[in-house]
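What follows is one structure encoded as structure tokens, with my remarks underneath.
Every number here is computed from the coordinates shown, using simple stated rules; none is lab data. Values in this document were obtained by computation on a predicted structure and should not be read as measured data. FYI the Cβ positions are ideal-geometry reconstructions off the backbone, even for glycines, and counts take in every protein chain you see.
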Amino acid sequence: MRLPVAVTLVVALAGTPAAAQTIAPRVGNLPVPEASGSQQGLPDWSNRVSSDGSFFGAVKNDFKTFFTSPDTAWTMSILGGSAMAVSKWDKTVTREAHEDLSASTFHPGSIAGNFMVQMAGAGGTYFLGRATGNTKVARLGSDLLRAQILSQAVVQGAKFATSRSRPDASNNQSMPSGHTASAFAMATVIQRDLGWKAGIPAFALAGYVGASRMEANKHYLSDVLIGAGIGIAAAHSVTVHVGRQKLAMGVEPTVGGAALTFTKR
């Protein structure tokens, strides 16, 4: 696998098949009819927190959803399988990325994917929504915060379990890529809450972050793929009641390798 094919594979990770779960909120024992905006394809903001309405209660529910949702299993099986398939090219791809990609061009990706930077952006979005009285912006910020917390908790647990040495041998925290997980969690929340017009550039940024981690000689391609899977699955867990579209995932052969494809249905 040559470098351009590997980078294309990372950038192509623009989503996974959504579980398309729709759970109607309830008042007592009676279901509440869905808002007309949701029927028109707009984001459904109902039932997005825990039963007691607290942020930390919602985070607790997010963890439960992540580890019990078929959507998580499907996402991680696809991207985990892809990581296993490309692992034999890990050293080659990372070496080529480190040697051939411009450090000055890709260094900002490592900054953009930093957990604290992502948390600052999410927190700023939340407080902007609260300050302006914009409920949708505040809830977007809340979703972003929760997706970051969930994805990084899973990432740190996986790093401890795998103890994989980084390509530059600086430590044993290579698998999975935390920067990539943060970036794909952000991109998936934006796509789920705001739609594909906002989601496409967000996923392009996430792919750029993944490539930057290989350029920096901090992660292998398989680390990036696993990180992307965790970020996407975490965002789906947080936004489980949002989105109706399903995406069919497939693999298409290309010259020198293969590419993941996503088709609306």
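Please give the net charge around A198, taking every other residue with its beta carbon less than 15 angstrom from that of A198, where Lys and Arg add +1 and Asp and Glu add -1.
Taking every other residue near A198 into account, the sum is +2.
Take each peptide in 150-163, 58-71, count the other Cβ atoms within 10 Å of every residue, and average; sorted highest first, the result is 150-163, 58-71.
Computed about the Cα centre, the dipole magnitude for the range 99-231 is approximately 500 debye when only Lys and Arg (+1) and Asp and Glu (-1) carry charge, each at its Cβ. Here the range 51-120 and the range 148-209 have alpha carbon centers that stand 2 Å from each other. For the range 92-155, the relative contact order comes to 25 percent (Cα pairs under 8 Å, sequence separation of at least 6). Taking other C-beta atoms within 10 angstrom as a stand-in for reagent exposure, M116, M76, M186 fall in the order M116, M76, M186, fewest first.
For the range 134-193, the Cβ-based charge dipole about the Cα centre amounts to some 80 debye (Lys, Arg positive; Asp, Glu negative; other atoms uncharged).
For the range 64-139, the spherically averaged projection of the C-alpha convex hull amounts to 8.2 nm².
Solvent-free Debye calculation, one equal scatterer per alpha-carbon of the range 146-228: log10 I(q)/I(0) at 0.12, 0.21 Å⁻¹ equals -0.33, -0.88.
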